[in-house]
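Notes to accompany the following structure.
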Amino acid sequence: MSWGERQLAMLREMGVPPFWPVARQAEPAPVPVPVPESAEPASEPLPEPLPEPATPPARPVARPPDRPTERPTERPTERAPAIELGPRPAGVDALDWPELEQAVAGCQACGLCQGRRQAVFGVGHKKARWMIVGEAPGEQEDREGEPFVGRAGQLLDRMLAALDLSRGEAPEGHQVYIANVLKCRPPANRNPQPQEVAQCEPFLLRQVALVQPDLILAMGRFAVQSLLKTSEPIGKLRGRVHELAGVPVVVTYHPAYLLRNPADKALAWDDLCLARELQSRLQSRGGSPR
Ligand code: URA
């Protein structure tokens with residue numbers, strides 16, 4: 001049985017269906033939300049009123065009020081110029097860490113390679129139980145070669161510390177691995193383009209397969225939408241557990257969004273608590289082999 005199958009079997013054994021509803025029991029049918037074409041995100045639609053549950057939910061979590069769409073960084077409003085694409089990286093799913101890192105460093109699958117100082121691979125423990133997925137390197141990350149080292153990264157570190165987790169040296173079970181959807185910085189911190197996400201995807205999926213985390217915390221619209229292949233806004237996806245190749249995925253707001261919208265830190269804290277609860281349940285059942 002593969003690791004993914006084992007994880008799924010464990011979740012099922014725990015009575016956790018792939019889309020385990022935690023926030024409420026009756027999830028209304030998803031309303032398709034088109035991904036905005038423009039670089040400027042559209043407003044997040046108003047959440048629908050909660051249906052009255054037949055029985056009280058096991059773990060009631062307040063529905064978020066109307067939230068503006070997450071905007072991790074200031075974005076230019078004009079359309080991004082067309083990018084040149086090379087071939088999508090092939091054979092990545094057979095690479096081990098050193099070859100994978102080398103492949104990322106030398107990747108020229110999209111035009112972002114032309115503007116990068118360096119590709120930003122990932123950081124943390126390579127067998128961490130938690131994997132954090134963000135959007136793309138910014139200026140500082142591009143300079144330092146490490147994800148989440150700017151202001152958003154400092155907030156992320158504080159969020160992790162509140163859970164007794166760290167990207168650095170930490171006892172077993174307290175380390176995280178951090179990676180981004182895109183390994184190269186988009187110019188002027190513009191939004192990742194769908195083709196760039198598609199070209200870079202094999203690298204992130206291979207990182208997930210190598211780390212074999214107990215869970216993934218997807219931070220921000222681009223991480224969430226690219227990992228879960230959905231265009232639903234975060235407000236509609238948070239509060240329950242999703243799944244990627246047998247790995248539970250918890251979604252939350254991007255730290256850069258939280259810096260601009262500090263009132264939503266409380267919602268992000270709920271998401272972190274959900275992740276922690278899930279991970280401790282998984283671990284009490286033996287966790288995934290390290
Ligand atoms: N935002 C991200 O999503 N990733 C980084 O590495 C830095 C900022």
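The values are calculated or read from the model by the stated rules, or taken from the named source; none is laboratory data. From a predicted model like this one, the values you see are computed outputs, not experimental measurements. Cβ atoms come from the backbone with ideal geometry, glycine included; neighbour counts cover every protein chain shown. Side chains included, ligands, DNA and RNA excluded: accessible areas come from the protein's heavy atoms. Shrake-Rupley method; radii C 1.70, N 1.55, O 1.52, S 1.80 Å.
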I need the full set of residues from region 145-203 which are of a type in the set (G, A, S) and more than 15 Å from the ligand (Cβ to nearest atom), in order please. A161, A162, S166, G168, A170, G173, A198
In region 246-254, is there at least one residue being modelled with pLDDT of 95 or more, under 24 Å from E201 (Cα atoms) and open to solvent by 10 Å² or more (accessible area, probe 1.4 Å)? yes
Show the residue pairs meeting these rules: Cβ distance below 7 Å; 6+ apart or different chains; first residue within region 251-274 and of a type in the set (K, R); second residue part of a helix (DSSP H, G or I). K265/L258
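Can you tell me which residue within region 128-158, out of those that are charged (D, E, K, R) and in a helix (DSSP H, G or I), is nearest to A218 (Cα to Cα)?
D157
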Given the options L215, L205, name the one that is open to solvent by 10 Å² or more (accessible area, probe 1.4 Å), in contact (Cβ under 8 Å) with a residue 60 or more places away in the chain and under 18 Å from L244 (Cβ atoms). L205
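Out of region 225-245, which residues are small (G, A, S) and either within 16 Å of the ligand (Cβ to nearest atom) or surrounded by 21 or more Cβ atoms within 10 Å (Cβ to Cβ) (or both)?
S226, G235, G239
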